[in-house]
Each structure stands twice: as structure tokens, then as C-alpha cells.
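Participant: First the structure, which I've put down as C-alpha cells, then a few questions once you've had a look.
The values are calculated or read from the model by the stated rules, or taken from the named source; none is laboratory data. Predicted, not measured: the structure shown is a model, and the values here were computed from it. Cβ placement follows ideal geometry from the backbone for every residue including glycine, while neighbour counts extend to all protein chains displayed.
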Amino acid sequence: MPVLDIKLLRDLRRLWGQALAISLVIAGGVATLVLAVGSHRSLDQTRAAYYERYGFADVFAVVRRAPKTLVSQIAEIPGVAAVDARIAKLALLDIPNFREPASGQFISLPDIGEPALDRLHMRVGRMPEPGSSTEVVVNENFANAHAFVPGARFSALLNGRKRELEIVGIALSPEFIYTTGPGDIMPDDRRFGVIWMSEKTLASAYDLDGAFSSVNLKLLRDASERDVVQRLDVLLDRHGGRAAYGRKDQTSHAWLDHELDMLNNMSRTLPPIFLLVSAFLINLTLSRLVALEREQIGLLKALGYGNITIAWHYIKFVIVLATIGVVIGSVMGTWLGIHITRLFGDFFHFPFLIFTKSPDLYAAAAALSLAAAVIGAIRALRDVVALPPAVAMQPPAPPRFHRLLPTGFSIHGVFSQPIVMMLRNITHHPIRAGFTMLGMALATGILIVSLFTRDTMEQLIDVTFFMADRQDATVSFIERRSRDVIMQMARLPGVLAVEPYREVPVRIRHGSIERRVMISGRPQGADLSRIIDADLRAVVPPETGLAVSAMLAHVLGVQAGDFVEVDLLEGQRRTVTLPIAAEVEDYFGLRAMMDADALSRLMREGPTVSGVNLSVDSNRLDFLYKAIKNMPTVSGMALQRVSLGNFRENVALLITTMASIYTSLAAVIAFGMVYNSARISLSERARELASLRVFGFSQGEVMRILLLELAVLSLAAQPLGWVIGYRLAWIMKTNLAGELMRVRLVVEPFTYAIASGVVLTAAILSALVVRERINKLDLVAVLKTRD
Amino acid sequence: MSETIFAARALTKTYTSGEVEVHALRGLDLDVSAGEVVVLLGPSGSGKSTLLNIMGGLDHATSGRLLFKNIELTTLNDRELTAYRRRHVGFVFQFYNLIPSLTAYENVALVTEIAERPMKPDDALALVGLEERMDHFPAQLSGGEQQRVAIARAIAKRPEVLLCDEPTGALDSTTGIRVIEALLSVNAQLGTTTMIITHNASIQDVADRVLFFADGQISKIHKNETRRASAELTW
């Protein structure tokens, strides 16, 4: 081995602490990229493969009752590859030892063969016997929530008749990856299940022999979804069809898409920041580290080594450091990525997981880190190698410091000399001090981005559950009912207040942009479920025109006063033009609201009700549950308290996992940054500090002098870090805002405090490590050498 | 004869560097009186610096005793040695060791701020003839001036001893003479016991006593009946 390489290895061993700290900073940047992009890609591919293998449909439609003879006509629509006509019905469930009423989405299974689309992946058990009137297959989430195994029983209210059902199999379906019950925002697997049973049984229960109530289509690759939907609507119209829709409006797909989008956006926002910060830090650190080698470089030149050989020697040194970092980061990132993929895979109940290998990611992360490291080294080498050996071997001439103030002003007696030293050092190296500050600020900033989601979610909960939808429960009906039902509901045990609502599915259009939403008709003076505007005030439902989600207004490009075209997808199916009256602050989905009576007039129908919001005496809940369980007209009962719990649980998964990973990586970067700054300052100023020790300064005093500068820079960096953090959080929030869910950016003071706390703790920890070095300063040796 | 300020008895210092044992001091005995100017001469590795380092509280002896007045230096721990240096000792080094970010005045003030009964930095600088240059940074001072600032810094806390390791080693003769002058004038005005290591034999004439070192021991002691004035020095 050439002697220079031996030197390289020895240097690495000598500087192992710093080498490791630098490598960890690089590793932090690389790991974030690999984990975020890697897990998103894996989940995305898993979903694609799942959809493909189990035939997830492209177009979905619900009808009241269509004859099966229509199927061949549907199949003839140009662009349709496969048709799956079936019976789909919502029904109330009564589960033994479970107080609350649950809902089931019943789906028929052909009595011969498999469904054409949306096939089941059996986890346990078997398919029901053809024609069996009791055997069912349930989705895995629901089964897990109740610890159901094949053989378990529960009952359902099918078309008003109670039936005992027996579970024979537990399955997964690409159509129901993400399942939410009627009226719920978040999945609640205990109160909502998907239940597959024999077509014959369902047909006889719902009087649908030779007919279907739901049809799913698979399209050819180049088919136009819009055309197919239009033609399908025409065919289904006579049979009570509700407008068909594509995957974008299919609940399960849309939510899954949203979750993956969120991961994707996270992977596009955070890792580049991490990687750039780490690249920037190592560039800064390595250039200072190489500058310290000045005398050795001079010596090597004096001995006859060429500039290129010497430069290459040091470049190899930083390449080794960067490579260690890239390797640690890749391993760590891959491991965390697999962990996150598993976590989400379990959350979504994917039947299998595909872990994608992403060599391009490793290459990109490695290239960026290496380039940053090498450029840092070259920056320092360029200056040093250019010097004649005799000059290089001597330490640099004492730097020329300047007074902070004009000569007339004296700071004698105002500051102690150590403080003057610190101030002069900062002003003498403004760029270095600036970059060090920027590095700390960035560390604080990325911590804020890792942490702010919690504040934002609390705000969302506050507005959604405590300002807007303050009801205890929402009961939805299978078919719309007359307003008499309000009195009927009010008489149920434990009900304190009842507020009806009417929902009408519509297509809302402005120019070429169109969305499928529900118009919700609200009674005047509603106090349980309220409309909250952008200033977070409750507003009355507009008597004319629509109040729409601010996001919907944004998507359509309209504001209050503009007109939109609305296709009513129920009743007479008219198309009307309505003004936008107000924008509503909400965070889930796209909604439109108007006065209930106005909606009735619009629909040209008497006052009807789709569901009711209830305020309930919590002591009498059990009686209410019992009563609801026996109401054949009810499709489901959503409970706000349970929804909130589920929301917290689901959000916690994403936030605590992601935030804790990113927070740790940010802390690693902060630590590496401060530790290296302190160590290099120590090397650069070893002589000065040893002199102070000789004059009788204690170890503590010398340590204070060394670290004062870093402490001042760390503290001064915090406000900048807060600003950076807020900006980054804003970018994240904007990237994450979707039609399904969005947030209002809130960063609590506590979050700023935590972020700064972590960075300052990292700074203090690295200071403690450096203290050991100060204690070991060799006073005699240092003084024997020249400045 | 004035009181004894340092008393060394059978002082030894052994370094282990790798597998080699280096005997830097081999049972050295020495008494130094208060106010004395002592010059230490001898080849490299003969033990001069080791002795000075131990006297200055920068290093520990391996065995033997070293008393500073009534304080047994050989028994002090690091914290106590720091306090000892802070109170009693001034150092002057070959390479000045000034803090580049502080002016001449501030370099002196750096020490007076932590001393118990210091003189004013201006007075210390006046003592070495630098009152005009006290607002200059080290980079704006010549080598001799920098060394005089170092002396001012060393004596500003009114130490009982001033330990100088080759104070003129990096200087030409004219400047070197000015530095020696400064040292002697401090000795004359403040009565500071002064020990000077040098390779320059001509400096020995300004001392009260000259110690010749060889192999970790004092091989010879020469007493000057009359000290030459620094102006008469040549080298």
C-alpha cells in the first residue's frame, strides 16, 4: 500500500469521531431520500399490482333495479373490456357483544364462478356455498376488529328482515382497501364491514331476481372514461341509475390515492431539504478540515509530491468519509423504508408487498453527497496547493482583525476579553459564521417541518369536531324519508335534539372543470352541524345559492357571486345554474351546502330527509343503539366521538412514525453540524486555547471561550430557523392539500420551542463531547510549535 | 540573601514515549531566591524546558519534591496547578502566543481580568515601552513588539515568577536586546524572580546565576558577581 494511503487510513482513525459525525450528517440526508421515495414507490407498485391481479374496476355505477339483459348492452359500449353486474346494498348489522349499531355493505357473489371484476383475495376460509342463505365472507379489517374467525355469527337487517349470518371466509378486495361507513369520514372497522354473499340469497331478499343494483366496468387501455360514463348513464337512467363515476370518485381508491400522494409529497419536500442541508454542511466542514492540513500539505510538496497527487490524497480522504455516510444512509434508509412500507401495507391490508429496488435513488443521493464533499475539499485545496512549499509549511500569517467600532469608541470595560474575542472571530469570518448559523437554522427548520403536522391536525379536529359538526351521532337512511321521521327520531330513547339534512348527489361545473359532490340541505337555525366560514365563524345556510368548500371554489376557480352549473343526479335530473354564496372552511372532501327548503324547491319535491344529526344523552346511549339496530330504514349510524378517536389513531400512525423518523434524522444532522464546528474550531484555535490554559484559565473558562461563539451562533440562528421552518411547513401544507383532505397551517409556539430545544440540546451534547478534548489539550506541546 | 522562592530536591521526570523511556530530569536539586535572574543554558533535551514546565505548573514531576515558597507543587492536582499559574506565574514563550483577535491592550487585559491584584494594562505596556502601540492587533506589530506585549501580559498580574522559554529565539539581535531590556527592567522595578531559557550564551551575562544543563542534570552553576546591562550585550 502506498505510504500516502497508509497516512489516509491513520488520519481517518485519528479523526474517527469527526469522521463519524460527518458521515452521519451525510447518512441523514441519504436516508431520508431513500426511505421516503423508496417506501412511496414500493406502496405505489404494490397497489398497481394488487389492482391488476384482482381486476379492480375503472367505472362504477349504482342503480335502483336494472334487468340483467342490460349487461350485454353495457358490454357493447366502446371501450368497455369487462362488466360485473351485481347486487350491492347497505344494511344494519347486529353484532353479538357489540353495543353500537354497525353497517354492512353487502355485495353479491355469482353462484357460478368468480366475479368478473374486483375479485377477492381469500385470507382464511372459503367462498360461500352457491345459494347458501346464511354463509358470508367478510373483509379482513372488519373480521379483525371483532376477532371474527370462520364460524362466527352475527345478524343483519336485510330489507327489513333480520337474518342470521355465518362467516365462512375472510377476504381482501381491491375495491375496499379503505372503507368508510355511511356518514363517517374515517374508517371504523368495528362499525363498518363489507359482506359478500350468494347472489341468489341477496336477490331474493331484495326482490332483485334477474336484476342488478350495481355495475362495475373495466375499460380498455385507451378508452375515454368520460364517454363510457356518459353512455352508461344513458343506459341506466330508466332504471333509476345514479350518475356513474370513475376511480377518482371511488372512496377507497380516492383515499388510498390521497395517502400515497401525501407520502409522495413528503418524499418530494423533505428529503431534498435534508439532502441539501447535509450536502451544504459537509461542504463547509470538509473545507475547514482540509485547510487545517496546510502544514502537512506544505511538507509533502517540499518532499517532492506533485500538486495532483496531494490533491487526490485529500480528495480520497473526503470520498472515503462521504462513502461511509452514503453506505450508512442507504442501509438506514432502506431499512426504514421497508419498515414504513410494512406499516402502511398493514394499514391498508395489502395482500402482498412489493419492495422496489431503486438504484437510481442510491446513485442520486451518493452523487450529490460525494459532489458536495469533494467540492468542499477542492475549495480548501485550491488555496493551499497553490502556495510554495516553504510558505505552506508555515502556518498562515496571523489574520488581520479589525476593531468592531471606530477607534474613538472604546469597548474596554463593557465586554470581557473573551467576549471581545468571540465577537471579533464572528465578524472576522462573517461567511463562515453566516453559514454555521444557516446550518443551525436549517436544522431547526427541518425539525419544525417534521413536527408541525401535529398542531395542524389539532386545529383540524377543533374546527371539524367542535365547531362544525358538533352532533353526537348521525343516522343515515337507506332511502330518503319524509320529515315525519324527525318526530319519530326525537321520540327515540336518549335523543335530546334532532336536526335533519337532505343530501343530493350532483355534478357541479364551472367552465370545463367538473366535480361530483353532494349538496347538503341544512335547516335554518341548525345548531348541531354548522357551517363555518374562512374566519372560523358559524354562518347560516344561504337561502339562495350554495355555500361550498373553499377547496371546491378553488378547484372550480370561482368565488362568491360567481355562477356554477349543477346537474342534479336524483329525481328529475335537471341541470340548474346556481350562484356561489359563500366559501366554507372544511378539511375533508368537497361539499356544497344550501338551505334545506331551497334544496327541496330545487328538487321540486316535498320536504324530505336523507339523515338526521342527533344530540344524545350519553347515559341512555345503549337504549338508543338498541332501538336503531331494529330500524330497517337506517343504513348506518356514525358516532362523532368514535370518528374522532379513529381519526386520531390513523393520523397518529402517519404523524408519530414519520415525525419521529424525520425528527431523529434532523437531530443527527444538528448534532453532526455542531460537533464538527466545535471540533474544527478547537483544532484551529488549539494554540490560542492552550495559551489561555497556561495563563491560568481553567478548563471551564477555556471551554466557555471556545463554545461561546457556537452558543451565540446557535441562539442567533433560532429565529431564522423558525422562519425557515414556517416557510417549509407552508410548502408541505400546500403540497399536501388535496380535494379529499387538507389542513390550515398552524404552528404552535410549543413546536418552535421543541425544534429549537432539540437543536440546542444537540449543540450542548456535542459541546460535552468536545469538553473531553479540551481537557486533553497538551499545553507544553502546543506552546513549542510556532503560531 | 533573600528568601528562597523555589526549592527542588531530587526532582526527576521520566517520559515514556512508546516503548522508550526518556529521562528528562535525573534527580535535580536547585534553590532559587526571590528576585533573582537565572539563565538556563544547555543543549536541546538537557532538561531546561522540562524544569521550567514543572516550575510553571504545566507538567508533573515523576518523583522528588518542588516547593514554591511553602506550596509543594509536586502534590498539586490540575485544578490547583491552574490556580497556581493564575496567581503566581507569568510565562513568555519563543513564539509570543498572542491572541490574534485581541489588540495589544486587550491581550494584556485578558490576563488582568482574571488576576487578583493586577496592574492596569496601560501600565504593563508602558513598562515594556509599548504604550503608543496598545490599540494595535498582533498582525500590525513586529516580532519584538509582539514579544514585549507577551511580557507585558505575563507581568501585568504582578507574578512572583516570570518563566521565559527562549524569549529571543525568534528575534534578531537588536530586537532581542530590547526584549531582554524589558525583562530586566521588570525585574528591577517589580522584583520578579525571572528564569530565562536560551541558546544564546551571550545573554548569560545579564543574569545573577547561570545554570548549565546536561543529561537532565545541572552540570555547572556560574555566579555573575556583576550583571552586565542589556545595552552592553552583543550576539
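Participant: For B:Glu19, all conditions in the list (1) loosely packed, with under 15 Cβ neighbours inside 10 Å; (2) in contact (Cβ under 8 Å) with a residue 40 or more places away in the chain; (3) of a type outside the set (Phe, Trp, Tyr) hold save one; what is the number of the exception?
Facilitator: (2)
Participant: Turning to a different aspect of this structure: Restricting attention to the stretch B:81-115, which residues are in contact with a strand residue (DSSP E or B) (Cβ under 9 Å, 6 or more places away or on another chain), within 7 Å of chain A (Cβ to nearest Cβ) and of a type in the set (A, V, I, L, M)?
Facilitator: B:Ala109, B:Val111, listed by residue number.
Participant: Okay, moving on. Quick one: would you say A:Ala652 is surrounded by fewer than 14 Cβ atoms within 10 Å (Cβ to Cβ) and either outside the structural domain of A:Pro182 (by TED's automatic domain parsing) or within 30 Å of A:Arg161 (Cβ to Cβ) (or both)?
Facilitator: Here the answer is yes, as A:Ala652 does meet what is asked.
Participant: I've got another one for you. Can you name every residue in the stretch B:48-105 that is at pLDDT 85 or above and in contact with a helix residue (DSSP H, G or I) (Cβ under 6 Å, 6 or more places away or on another chain)?
Facilitator: Result: B:Asn53, B:Gly57, B:Ala61, B:Arg65, B:Leu66, B:Gly90, B:Phe91, B:Val92, B:Ala104, B:Tyr105.
Participant: Still on this structure: Taking the stretch B:55-73 as the region of interest, how many residues are more than 8 Å from chain A (Cβ to nearest Cβ) and in contact (Cβ under 8 Å) with a residue 60 or more places away in the chain?
Facilitator: Matching residues across the stretch B:55-73 total 5.
Participant: Can you tell me which of (1) modelled with pLDDT under 85; (2) under 21 Å from A:Ile478 (Cβ atoms); (3) buried (at least 17 other Cβ atoms within 10 Å of the Cβ) is the one A:Gly571 doesn't meet?
Facilitator: (3)
Participant: Another question about this same structure. With aliphatic (A, V, I, L, M) and within 14 Å of another protein chain (Cβ to nearest Cβ) as the only criterion, which of A:Ala433, A:Ala473, A:Ala441 stands out?
Facilitator: A:Ala433
Participant: For residues in the stretch A:666-702 being within 30 Å of B:Asn53 (Cα to Cα) and more than 13 Å from chain B (Cβ to nearest Cβ), which is surrounded by the most Cβ atoms within 10 Å (Cβ to Cβ)?
Facilitator: The qualifying residue surrounded by the most Cβ atoms within 10 Å (Cβ to Cβ) is A:Ala678.
Participant: Working only within the stretch A:560-575, note down all residues that are within 19 Å of A:Ser520 (Cα to Cα) and part of a loop (DSSP other than H, G, I, E, B).
Facilitator: A:Ala560, A:Leu569, A:Glu570, A:Gly571, A:Gln572, A:Arg573, A:Arg574
Participant: Same structure, new question: Would you mind finding the one in A:Phe192, A:Phe142 that is within 25 Å of A:Phe347 (Cβ to Cβ) and out of contact with any Lys or Arg (no Cβ under 9 Å at 6 or more places or on another chain)?
Facilitator: One residue alone meets the criteria, A:Phe192.
Participant: Examine the stretch A:765-774 for a residue that is modelled with pLDDT under 90 and within 13 Å of another protein chain (Cβ to nearest Cβ), and state whether such a residue exists.
Facilitator: Looking for residues that are modelled with pLDDT under 90 and within 13 Å of another protein chain (Cβ to nearest Cβ), one finds at least one in the stretch A:765-774, hence yes.
Participant: Run down A:Val327, A:Val318 and say which single residue is in the same structural domain as A:Leu43 (by TED's automatic domain parsing) and either surrounded by fewer than 20 Cβ atoms within 10 Å (Cβ to Cβ) or not in a helix (DSSP H, G or I) (or both).
Facilitator: Going through A:Val327, A:Val318 in turn, the sole match is A:Val327.
Participant: Name the helices (runs of 4 or more DSSP H) wholly within the stretch A:1-102 that hold at least 2 residues that are among the polar types (S, T, N, Q) and farther than 30 Å from A:Thr334 by Cα?
Facilitator: By residue number, A:70-75.
Participant: Hey, any hits in the stretch B:168-179 for a residue that's within 13 Å of another protein chain (Cβ to nearest Cβ), buried (at least 20 other Cβ atoms within 10 Å of the Cβ) and either at pLDDT 90 or above or within 27 Å of B:Val32 (Cα to Cα) (or both)?
Facilitator: For the stretch B:168-179, residues within 13 Å of another protein chain (Cβ to nearest Cβ), buried (at least 20 other Cβ atoms within 10 Å of the Cβ) and either at pLDDT 90 or above or within 27 Å of B:Val32 (Cα to Cα) (or both): absent.
Participant: Still on this model: For the stretch A:159-178, give me each residue that is within 23 Å of A:Leu208 (Cβ to Cβ) and among the hydroxyl-bearing types (Ser, Thr, Tyr).
Facilitator: Of everything in the stretch A:159-178, just one residue is within 23 Å of A:Leu208 (Cβ to Cβ) and among the hydroxyl-bearing types (Ser, Thr, Tyr), namely A:Ser173.
Participant: Pick from the stretch A:638-697 the residues that are charged (D, E, K, R) and in contact (Cβ under 8 Å) with a residue 60 or more places away in the chain: which of them is farthest from A:Leu760 (Cα to Cα)?
Facilitator: A:Arg641
Participant: Looking at (1) closer than 20 Å to A:Gly183 by Cβ; (2) among the charged types (D, E, K, R); (3) not in a strand (DSSP E or B), which is the one condition that is false for A:Asp535?
Facilitator: (1)
Participant: Being under 27 Å from B:Asn187 (Cβ atoms), crowded, with 17+ Cβ neighbours inside 10 Å, within 14 Å of another protein chain (Cβ to nearest Cβ) and in contact with an Asp or Glu (Cβ under 6 Å, 6 or more places away or on another chain), is that true of even one residue in the stretch B:25-47?
Facilitator: Checked against the condition, which is being under 27 Å from B:Asn187 (Cβ atoms), crowded, with 17+ Cβ neighbours inside 10 Å, within 14 Å of another protein chain (Cβ to nearest Cβ) and in contact with an Asp or Glu (Cβ under 6 Å, 6 or more places away or on another chain), the stretch B:25-47 yields no hits at all.
Participant: Which pairs do you get when a residue that is within 10 Å of chain A (Cβ to nearest Cβ), found in the stretch B:126-149, comes within reach of a residue that is among the hydroxyl-bearing types (Ser, Thr, Tyr), reach meaning Cβ atoms under 7 angstrom, with the pair 6+ apart or on two chains?
Facilitator: Here the result reads B:Asp135/A:Thr407; B:Asp135/B:Thr103; B:Asp135/B:Tyr105; B:Phe137/B:Thr103; B:Gln146/B:Tyr96, each pair linking the stretch B:126-149 to a residue that is among the hydroxyl-bearing types (Ser, Thr, Tyr).
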